[in-house]
Each structure stands twice: as structure tokens, then as C-alpha cells.
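The values are calculated or read from the model by the stated rules, or taken from the named source; none is laboratory data. Note that the structure is a prediction, hence the values are computed from the model and not measured. Backbone-built Cβ (ideal geometry, glycine too); neighbour counts: all protein chains shown.
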Amino acid sequence: MRKLAIISDLHADINQLQEAELLLLVEVLQDQAVTHVHLAGDTANHLQQLLEIVMFLEQQAFTVTYNFGNHEMPSLAGEEEIEGFADANFLNQRWLPLNEKQVLLSINGWYDYSFALEKDPAKILRTKNVYWYDRSIQRSGSDPQVEARILAELTVNLTKLAAAKKQVILATHFVPKKEFIVYQTGKYQRWNQLNAFLGSEKLGAVLDQFNHVQQVIFGHTHRRFEDKLIHGTRYSCRPFGYYYEWQLTRDFVLKNHLVEKYNPLKIRTILKNNQAAFQTYRKKHLKAEFAQGMTLIEY
Ligand SMILES: [Fe+2]
Ligand SMILES: [Fe+2]
């Protein structure tokens, strides 16, 4: 029996995951008897750091594959490199057989604003260019055009795999289903604007057309969900996320009565003011956080 671990949004730089922390991740993977690790994007802000982590995990005797998230993309030289980065471990619109029946297919993915409540693409683009990390990513064409190209290629690949009678485990960075999008009301409503950049409803619609897509694993939302079964496909979303969004951080802050109401965006200052205690707590609970922030698949 072999086991695949899919990890998204490790954000090794923002989360300050040095070798000591990565060794804790390795312990979690070894405890779970994982044989293959797939990194599903936002592993780090720079390609170089992602490649170092891939090499580090390979040295620990795991098979390692990856796709990009939006966080790696500003450090890539445009469309060609984003979609076709020349590295055997990079899986984008490519698959790796897991056994006779199953394959791991992976795509970076993208977004087309279909999760936005706002319907004017020009307004959405303005929001993106002011607020969103992705504004410096060089892509060919508008976001909906990029996503349409990706979905056309994915459809071809899924058709090929259906003809070959393969069951597909699909890893991607971006959200394929509205069921994983949170629409805020009241004073948090303005956050809904950012849903435009989370993924594509059309990706979910493509997946609905095929019966051989067994499981889809993604992240990018930085929210963890229970698995959902939609049209016979299991959807898993358990990103690791930023340190100020972790369960351990929430527990640390609440147990020590450092805030009355937990707001992840205001927590960084509180953590800074309690740095030594937080570091101790983090070290103790990081393995549990890693275990919650991944999806395991036996094959
Ligand atoms: Fe992320
Ligand atoms: Fe992301």
C-alpha cells in the first residue's frame, strides 16, 4: 500500500519554515507512511525556495511532484514558464500513474471571476490591480481567456484518461466549486470582491462531465473544509495557510486570553508582542497543524 499526501499553501517563507520545521513535516509524513508528496501551489513566494523544498523532500526518500500556485507565479517568466516549466517533477496538464488504475493529474489552474458577485470584468480587474497579490503576474490574455485555455486543455486530457479507463486524482491550486466559496454579509461584505480570484465555476462544470474523476484536491482559499461529494467526485480542501490562520495560533491566543474576539488579520501584532511564548507553543503543536493541513490518499 502506498500513500499520497497533497499539501497546498505551505507558504514556507511567510510561515518561517526552516529545516527544523520541515523535519517536523517529514516526521508527520513518515508517521502516516506517506510515499509520495504533491505540493499543490503556494509552497513559497519564490520558485527557488519551492525547488529547494522539493529537493529536501526528495532527499527524505519521498516521490515529489508539484504544481504552481499564484504565489510562485510572479517569480516566473510569463505564460510559457508558468504553464510549461521544464522540470520532470512539475506536473501541469500532465499525469503520473499511481498504479494500474489510478493516475495523479495536476494543473496549476487559474480564475475567471465566475465566483464574483460583481459582473463587470473591468471593475474586477481594477480591484485586482489595486489589492491583489497577483497583479504582477505576467499572463497572456485576460484572466477569463487564460482560464478558458486551461479548461480546454484539461478537457482533452480528461478525455484521453477516460478512454484509457484510468481513475483520476486531480490536484490543483484554485477552487473548482462554489460550495467552497464563502460569501460574507454585513461589515465583511467587501471581502466578497476577492472571491473573483479564487477559482472557476467552469472548472467544476468540466469535472461534472466526467465519471472517472475520483477526487479533486485544492487549496488557495486558506480555509479548511470537510470533504464534499459532488456529482460522484470527492472534493478535498485542507490548505496549510498562514501562521496567523492556523488552529494552533487560534488556540494559543484564546487559551492565553490575548483577545476577546478572534480576528486573524489583527493577530500578527499580538503574536509579535508574545513572540517567545508563541514560538514555544508553535514548536509543540506544529506537527498537529501539519497533519490537519494536508490530504492523504491511499492507493
Ligand atoms: Fe496561499
Ligand atoms: Fe493561492
Every listed condition ((1) within 30 Å of L104 (Cα to Cα); (2) crowded, with 16+ Cβ neighbours inside 10 Å; (3) without any contact (Cβ under 8 Å) to a residue 40 or more places away in the chain) holds for L229 save (2)
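Residues checked against (1) within 16 Å of ligand 2 (Cβ to nearest atom); (2) buried (at least 19 other Cβ atoms within 10 Å of the Cβ):
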| residue | (1), (2) |
| --- | --- |
| A77 | no, no |
| E80 | no, no |
| D87 | no, no |
| L105 | no, yes |
| P121 | no, no |
| V130 | no, no |
| R135 | yes, no |
| S142 | no, no |
Could you list, in sequence order, the residues of the range 55-114 that are over 23 Å from A152 (Cα atoms) and among the aromatic types (F, W, Y)?
-> F56, F62
Looking at this structure, is P97 over 23 Å from A205 (Cβ atoms) and within 16 Å of ligand 2 (Cβ to nearest atom)?
-> no
Cβ pairs under 9 Å, 6+ apart, first in the range 148-166 and farther than 16 Å from N92 by Cβ, second basic (K, R) and crowded, with 16+ Cβ neighbours inside 10 Å | A148/K202
In the range 98-114, anything more than 25 Å from K128 (Cα to Cα) and in a strand (DSSP E or B) is listed as Q102, V103, L104, L105, S106
Which ones in the range 41-79 are more than 18 Å from F174 (Cα to Cα), of a type outside the set (A, V, I, L, M) and touching a residue at least 40 places away in the same chain (Cβ under 8 Å)?
-> G78
Out of all the residues in the range 29-36, is one or more within 16 Å of ligand 1 (Cβ to nearest atom), buried (at least 21 other Cβ atoms within 10 Å of the Cβ) and at negative phi?
-> no
Within the range 11-26, residues being within 16 Å of ligand 2 (Cβ to nearest atom) and surrounded by fewer than 18 Cβ atoms within 10 Å (Cβ to Cβ) number 2
Hey, any hits in the range 262-270 for a residue that's modelled with pLDDT of 95 or more, away from ligand 2 (no atom under 16 Å from the Cβ) and over 16 Å from H173 (Cα atoms)?
-> no
For the range 206-224, pairs from a residue that is free of Cβ contacts under 8 Å to residues at least 60 places away in the same chain to a residue that is basic (K, R) and surrounded by fewer than 23 Cβ atoms within 10 Å (Cβ to Cβ), with Cβ under 7 Å and 6 or more apart or across chains, are H212/K166
